Amino acid sequence: MSNNTHVLKQHYELISLSDGTLGDTLLIGLSYHFTSLEKTGLAAMLAKLPLVSDAPIAMDIDLSCIVLDKSMQVVEKIWYGNLRNANESIRHQGDALVGAKSFEESLIAQEQMQLRLNELPNTAKHLLVVLNSYHNQPLRAADKGMIHLGDKDNPKAHSISFSQIEPDCKTLIAWQLSYEDNGWQLHTPMQALKLGKLASQSIDGISKAASDFLQNSNNNRW
């Protein structure tokens, strides 16, 4: 665990899903309102070139799930470029390029995933639910940004407001599900991932950073 642990983490304790609090099928929903931000950094510099637009960029927040085995090696990645894992026990409902633009759109999640825990392959021992800002903008800047985890009876059993995310965080591990003691345990790491170079913003870069976090967290437990 990093030294700059976010203050929110102290309010979340390990939750066992074997007690019937939630069903075997979990629902994750990401919602936010349309948010347009001025270009910064390299994008702002490039915008000064001829034929390059200097218009603000609408936030595009992506939801993904990284699946790891007992050795904490990545075995599957579910994201807008790969909407299902091999046996379809994890399903992404598709990419939304911007947040809600109307009242009607704000009533539904912009991106959603379904996790069927009792159908996961035996190799799946850890699931990391990740938020990523496609244009490298701070997640916290999203207007009315929220992410929810629950089931069909209580779809918002656990919620995180983007206002609780570290100000400069652009990629976040929101939730971690680990199979321990013959049952799934829910953690809320609220861990910002530092990705550095532009190439690291890819799903492969995100997956590697997530795997490194999980391995380091496990090593620090002992």
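Values in this text are rule-based calculations from the coordinates and carry no lab data. Given the structure is predicted, the values throughout are model-derived calculations rather than measurements. A quick note on method: Cβ atoms are made from the backbone with ideal geometry, for glycine too, and the neighbour counts reach across all protein chains shown.
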query: What's the extension gain from ASN118 to ARG91 if we count 0.36 nm per residue and subtract their Cα-Cα distance?
result: 8.3 nm
- prompt: With labels modelled as points extended 7 Å from the Cα through the Cβ direction, what inter-label distance (nm, one decimal) is found for ARG84 paired with ASP69?
  reply: 2.3 nm
- request: Sort LYS77, LYS194 so the one with the fewest other Cβ atoms within 10 Å of its own Cβ comes first.
  value: LYS194, LYS77
query: From the backbone phi of the stretch 74-91, what are the Karplus-calculated ³J(HN,Hα) couplings (6.51 cos²θ - 1.76 cosθ + 1.60, θ = phi - 60°) in whole Hz, Gly and Pro given as x?
result: 5, 10, 8, 10, 10, 7, 5, x, 8, 7, 9, 7, 4, 9, 6, 7, 10, 10
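Could you line up ASP143, ASP60, ASP153 from fewest to most neighbouring Cβ atoms inside 10 Å?
With the fewest neighbours first, ASP143, ASP60, ASP153 line up as ASP153, ASP143, ASP60.
Ranked highest first by average number of other Cβ atoms within 10 Å, how do 105-118, 166-179 line up?
Those peptides, ordered most packed to least, come out 166-179, 105-118.
Using 0.36 nm times the number of residues separating ASP168 and ASP153, minus their current alpha carbon distance, what extension gain do you get? Before the final figure, lay out the partial values.
Numbers: separation 15, 0.36 × 15 = 5.40 nm, distance 3.43 nm.
Contour length minus the Cα-Cα distance gives 2.0 nm.
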task: Would you mind computing, in nm to one decimal, how far apart the modelled labels at SER18 and ALA58 are, each placed 7 Å from Cα along Cα→Cβ?
output: 4.6 nm
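How big is the dipole moment of the stretch 7-219 about its Cα centre under a simple scheme where the beta carbon of each Lys and Arg is +1, that of each Asp and Glu is -1, and everything else is neutral? Debye, nearest 20, please.
Values: 18 positive and 24 negative charges, 103 e Å.
Magnitude of the dipole: close to 500 debye.
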query: What's the FRET efficiency of LYS194 with GLU105 using the Cβ-Cβ distance as r and R₀ = 45 Å, to the nearest 0.05?
result: 0.90
